[in-house]
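Report on the following structure.
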Amino acid sequence: MNRSIARRAFLCGAGVALSLPWLESLVPKSAKAQTQASVKRYLPIYLPNGAPELWRPSTAGIGAEWQLSGVLQPLAPFKNKLIVLTGLENGTSFNADGGSSVEPSHGRQPGAWLTCIDPGVVRAELGVAEANRISLDQTMAKDPNIGGNAKLKSLQVGLSTWYSYCDDNPCSNSRTVSWSDTGLPMYKSVDPLEVFNQLTGATSLAGNLLGPDAEKRIALNKSVLDAVIENATRTQARLGAADRAKFEEFLTHVRAIEKEATSMSVGMGGLACVPMASPTTAPVLPDMTKQNTETYNKGAHADVMNDLIVMAFQCDATRVITYMLEDERSEFIYGHVPLSIFTEAGFTPAPGFCGEYHSEGQHGSPDVYASITQWNVGKVAALCAKLDAIKEGDNSLLDNSLILFGSAMHGSNHACSMLPMSLIGGGAGKLKTDQHFVLDNRWLRDLHHTVMKEVFAMSGPGVDDFGVDRVDRPAAVISEILAG
């Protein structure tokens, strides 16, 4: 029996295939011994504009030997599930001597974050305007032991609200971190309603997305639950008492997410404002304002995207998601974020609010920079809390996932070394968490290699030869972060 199919049931209706969370009542007897904890998920979260110096904890060590910095303080509830890594570099992906200078930085460095190769080299080799090697997330999504028969092999999401400056480079370098096996950019969906429809509007496991029924549903402002009500009633009758309560709670939650996604889409001028248009052709988002408005709130945008990510993992709709908190060189005005003063000892509130992320933060006030970064860390922490609240066997959804959270550049100096980087989650028990580990200028490729080979047990082409070696440095496992 196919384990992935046995693990999940679907509610199907006109243009809807809504995968359900794990419900023991629906598991065939032959599959009772299999648990949802056997599935691992991977979630790279990209932080734009690097991070301030005070991202780094003041001491290294394990357990009580180290403490979170003020910038990372929102992650305090998950310190025992966190690894902060200092000393990673990705200049080796660009420079034969491993140098950390990579300019123009905003327009080049993100393209190598999950590929460990300079996209410019690939473009030159192929003689095309946009190209790269396959990214880490897509290498994982192609692995049948990871992607399995999930409805979507992967998902790309983000919070961008306007078309960012691309540093006179192809915008694919800074507006996406995912690249297909054909070398093409896989741009993120920033409209929550589009993401919701990707999760609920597929018509088959082969990945055929929205059709006329779904378009009509959107145009008439109908819920996906309206399309599956008969199937839901039949399914509910098959459930035990505990699963019935879980089932009803899930449907209520789906409807709440749908309402939030639709409301956010309307405020952004997205899919909900384009009646009877296919989301594969409709504009995702206009080039709108760079700050909160009466109809747009970045915090609410992050909250609903967090809910969608949790829903995708909980229902096994996909096991690989890339999440860009914004495009690189973000110039969003964070006027909604209160200013704090940061020191190595922590932070204290100060009068006023933050300004524009790039010029007033990254290249302006260190406290504005740290306050904005801390706000983004807080949204990642909120996502972790949601994942950790969902139990899978003896663990949580967060325990059985791995989040890579960090940036492609150091900070205001634009260096491609001392990258702010962290791992969150247990990777199904494969990682030695609750530590701040300092490396000696270690190539980022080694971290990706460790994740693939040791955490996800991958092997073969695409693992040992991931990235491009320009300095005769074979990939090596970072053993210090692995559980004994």
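The values are calculated or read from the model by the stated rules, or taken from the named source; none is laboratory data. Since the model is a prediction, treat every value here as computed from it, not as a measurement. Virtual Cβ from ideal backbone geometry, glycine too; neighbours counted across all protein chains shown. In case anyone asks, the SASA skips ligands and DNA or RNA and just uses the protein heavy atoms, side chains included. Shrake-Rupley method; radii C 1.70, N 1.55, O 1.52, S 1.80 Å.
Some points to look at:
- Carbon + sulfur, % of accessible area of the chain - ligands and nucleic acids excluded, 1.4 Å: 53 percent
- Cα shape, segment 292-449, gyration tensor, a/c 1.5 rule: oblate
- Net charge, T450 excluded, C-beta distance under 14 Å - Lys, Arg +1, Asp, Glu -1: +1
- Degrees separating the helix 366-388 axis from the principal Cα axis of the chain, which is the longest one: 30 degrees
- Distance between the C-alpha centres of segment 381-429 and segment 129-146: 20 Å, rounded to the whole angstrom.
- Listed pairs K216/K290; K153/K188; K298/K386; K151/K222; K188/K432 exceeding 21 Å between Cα atoms: K216/K290; K151/K222; K188/K432
- Absence of a disulfide-compatible partner, taken as no other cysteine beta carbon within less than 4.7 angstrom, is noted in the chain for C12, C116, C273, C315, C354, C384, C416.
- Looking at the chain, the accessible area is 38 square angstrom per residue; that uses a 1.4 Å probe and ignores ligands, DNA and RNA.
- Counting Lys and Arg as +1 and Asp and Glu as -1 over every other residue whose Cβ lies under 11 Å from the Cβ of N173, the net charge comes to -2.
- Once C-alpha pairs closer than 8 Å and six or more residues apart are averaged by separation and normalised to the residue number of segment 54-150, the relative contact order reads 13 percent.
- Over the chain, dividing the summed -39,500 (n - 2.57) contributions of all DSSP H runs of at least 4 residues by the number of residues returns a 222 nm mean residue ellipticity of -8000 deg cm²/dmol.
- Against the chain, whose longest principal axis is taken from its Cα atoms, helix 241-268 shows a tilt of about 60°.
- Sorted peptide list for 94-100, 176-182, criterion being average Cβ within 10 angstrom, highest first: 176-182, 94-100
- Measuring how big the chain is from its alpha-carbon positions, Rg and Dmax come out at 21.8, 65 Å.
- Dipole magnitude (debye, nearest 20) for the chain, charges at Cβ of Lys, Arg, Asp, Glu: 1720 debye
- For peptides 164-173, 123-132, sequence by mean Cβ density within 10 Å, most packed first: 164-173, 123-132
- Nearest-ten-degree value, helix 298-314 long axis tilted from longest Cα axis of the chain: 60 degrees
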